[in-house]
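These notes concern the structure reproduced below.
The values are calculated or read from the model by the stated rules, or taken from the named source; none is laboratory data. Everything quoted here is computed from the prediction, not taken from an experiment. Cβ placement follows ideal geometry from the backbone for every residue including glycine, while neighbour counts extend to all protein chains displayed.
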Amino acid sequence: MIALVVGLALPTLLYPLGRDQGMYANIGAAILRGGLPYVDMWDIKPPPIYYLYALSMALFGQTPPGVRALDLLLVPLGMWGLMRLGAQLGGERVGQWAALLYGVFYFSDQFANLTQSDSLVTAFMIWAALASWQAASAPAGGRAAWWHALACGALCGVILWFKQYQAFFVLMLVGWQVKARWGAWRALGRDAAAFTLGGALTGGGLLAYFAALGIIPEMLIVAQSTSAYNAQYSDWGAFFSQIGGYFTFRWGYWGVLFVLVAAAALLGLAGQLRGRGWGFVWAWLAAATAFMVVQRLGFDTHWFPMLPPMALLGAAAVGWWVGALDAPAAPDARQPLKPLAQHPALVNFGFILTFAVILFYNTWLPAWGYLTGQQPQHDYYAQFQANDLKPEQSLAVVAWLRERVAVGDTLYVWGFRPEVAFMGGWRPATRWQAQFPLVAPWYPQVWQQQNVDLLWAAMPPYALVLTDDYMPWVTGRHEDSHTILQDYTELNNWLMANYDRVHTIGDFLIWQRKPRT
């Protein structure tokens, strides 16, 4: 099953990078050079995603495919864990189907949503859920329960470093363990001690490591700025008035899965899904939904923690349907599908084939022309778009600059397009690889002068200025980057004094450093 999904997902290695992937990749590259996140290259995410990117690039190379390989590294681990958990909840076939649904709908998503912090963390969440379930199912007070609780705590200590809102998931696991051991207080105390020890070893260990690196002060600035950023979306009424649009977009990728989950809900209400394990899965889905809702943004990636429990529930619905085919019926009842029940392998194959076709349609089919040489990479990239981000423009800019800028040199981008620097093998000229921390009012104003001072000290050969990139959710303003630049007097003066505008490619205005006299 894992080999099937990985084989069908191989074209994702060819996907262009989005904004976030470009940010993570530049920081990962800085780490591999001996630098530090935030200090040498800045972004607003917690540190784990940067170190995962550094690991993937160390293994597979500092290229877009080297970044995309991270999905193919972690998702199979998540599939394996979900297969084991599903088998314990509903049988071996349910476990297989759950793993298949998770892999298919993960890799069928949009290019900008893959290799993201909220998507990659699902592999860790699956194993934490498996450890929690095994701890609650093991004999109270036994050694197995203690070790499973320790593993669950250790994984939760890592998961919380991906984003603080994962606390909903961790609290759900804790609540389930308390429920399972209610009344057996001594056993509960042993489990709680093991869970706490595991969390302290990983979560506390990471805290000590980051403190030793000296990046905690920068992380506190990130936390304060992120709180101010999230405060923009404090209007619950506005969120719920737009939730239909968010759901509609998500339906475009997970519509079949939503239908299967709805079927599982109806089966549960009818008493057809028996066993306390499904209560565990519904609690998991509730915690993942809270993770999405509490951020009040409805971003595509915020839905990803819902994928593993949805895959389990979807597999349960399929399992019930297959079981219903083999149910005894009255002698005079007509069962046109009854012959299928005599061939369970055929039913299993049909289900697998159906979802394999879905994944093939979303990955191999769009890439076929490019892979067979009938389509240039520019045209392949033109099939992808995320808001104003047009990957074929990034590719064209990189091709143009490669003829003029040496690999390893610096490049300054005024806008939110850090993937250009990574694709070309160039270093961002300052640690602020995007415009929003220098624009939005919730970031330190002193950064504006520091940014210009660095540029005056070491001028890159080219600077890029973006147009038509309206991103009020990150900049706090409704103008594009080119317009906002006019209000950043020090940076605008630096650009006018030292650079000439020489070319335009799509939304990119390209400025070349003037000859020195």
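Within region 225-239, how many residues turn out to be more than 14 Å from Thr475 (Cα to Cα) and either loosely packed, with under 13 Cβ neighbours inside 10 Å or touching a strand residue (DSSP E or B) at 6+ places or on another chain (Cβ under 8 Å) (or both)? Give the derivation first.
The initial filter retains those residues of region 225-239 that are more than 14 Å from Thr475 (Cα to Cα), namely 227, 234-239.
When the remaining residues are screened for being either loosely packed, with under 13 Cβ neighbours inside 10 Å or touching a strand residue (DSSP E or B) at 6+ places or on another chain (Cβ under 8 Å) (or both), the result is 227, 234-238.
Adding up the residues that qualify gives 6.
Is it the case that region 43-56 has a residue that's of a type in the set (Ser, Thr, Tyr), surrounded by fewer than 20 Cβ atoms within 10 Å (Cβ to Cβ) and within 30 Å of Met219 (Cβ to Cβ)?
Our first condition is that a residue be of a type in the set (Ser, Thr, Tyr); within region 43-56, this holds for 50-51, 53, 56.
Among the residues that remain, those that are also surrounded by fewer than 20 Cβ atoms within 10 Å (Cβ to Cβ) are: 51.
From what's left, within 30 Å of Met219 (Cβ to Cβ): 51.
Checking region 43-56: at least one residue is of a type in the set (Ser, Thr, Tyr), surrounded by fewer than 20 Cβ atoms within 10 Å (Cβ to Cβ) and within 30 Å of Met219 (Cβ to Cβ).
(1) over 23 Å from Leu114 (Cα atoms); (2) in contact with a Phe, Trp or Tyr (Cβ under 9 Å, 6 or more places away or on another chain); (3) among the hydrophobic types (A, V, I, L, M, F, W, C): which one isn't true of Trp278, the others all being true?
Only one criterion is unmet by Trp278, namely (2).
Sort out which residues of region 362-374 are part of a helix (DSSP H, G or I) and either among the hydrophobic types (A, V, I, L, M, F, W, C) or closer than 28 Å to Gly314 by Cα (or both), and write them in order of number.
Asn362, Trp364, Leu365, Pro366, Ala367, Trp368, Leu371
Residues checked against (1) in a loop (DSSP other than H, G, I, E, B); (2) in the same structural domain as Gln96 (by TED's automatic domain parsing); (3) on the phi < 0 side of the Ramachandran plot; (4) modelled with pLDDT of 95 or more:
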{"residue": "Phe355", "(1), (2), (3), (4)": "no, no, yes, no"}
{"residue": "Phe360", "(1), (2), (3), (4)": "no, no, yes, yes"}
{"residue": "Gly408", "(1), (2), (3), (4)": "yes, no, no, no"}
{"residue": "Pro437", "(1), (2), (3), (4)": "no, no, yes, no"}
{"residue": "Pro441", "(1), (2), (3), (4)": "yes, no, yes, no"}
{"residue": "Pro444", "(1), (2), (3), (4)": "yes, no, yes, no"}
{"residue": "Leu454", "(1), (2), (3), (4)": "no, no, yes, yes"}
{"residue": "Pro460", "(1), (2), (3), (4)": "yes, no, yes, yes"}
{"residue": "Ala463", "(1), (2), (3), (4)": "no, no, yes, yes"}
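Residues that are more than 30 Å from Thr354 (Cβ to Cβ) and within 18 Å of the chain's Cα centre (by Cα): which helices (runs of 4 or more DSSP H) entirely in region 1-82 hold 3 or more of them? First the steps, then the outcome.
Working: elements: 2-9, 19-32, 48-60.
Qualifying helices (runs of 4 or more DSSP H): 19-32, 48-60.
Before we move on, is Gly183 assigned to a helix (DSSP H, G or I) and out of contact with any Phe, Trp or Tyr (no Cβ under 7 Å at 6 or more places or on another chain)? Don't jump to the end; show me each part of the working.
On the way: assigned to a helix (DSSP H, G or I): no; out of contact with any Phe, Trp or Tyr (no Cβ under 7 Å at 6 or more places or on another chain): yes.
When the stated conditions are applied, Gly183 does not pass them.
Please work out if Ala421 is farther than 22 Å from Tyr15 by Cα and not β-branched (Val, Ile, Thr).
Numbers: farther than 22 Å from Tyr15 by Cα: no; not β-branched (Val, Ile, Thr): yes.
Here the answer is no, as Ala421 does not meet what is asked.
Scan region 388-406 for residues that are under 13 Å from Asp507 (Cβ atoms) and either touching a Cys at 6+ places or on another chain (Cβ under 8 Å) or assigned to a loop (DSSP other than H, G, I, E, B) (or both) and jot them down.
Once the filter is applied, which keeps residues that are under 13 Å from Asp507 (Cβ atoms) and either touching a Cys at 6+ places or on another chain (Cβ under 8 Å) or assigned to a loop (DSSP other than H, G, I, E, B) (or both), region 388-406 yields Asp388, Lys390.
I'm trying to understand the selection: among the residues of region 107-138, which are at pLDDT below 95, hydrophobic (A, V, I, L, M, F, W, C) and not in a helix (DSSP H, G or I)?
Within region 107-138, just Ala138 meets the criteria.
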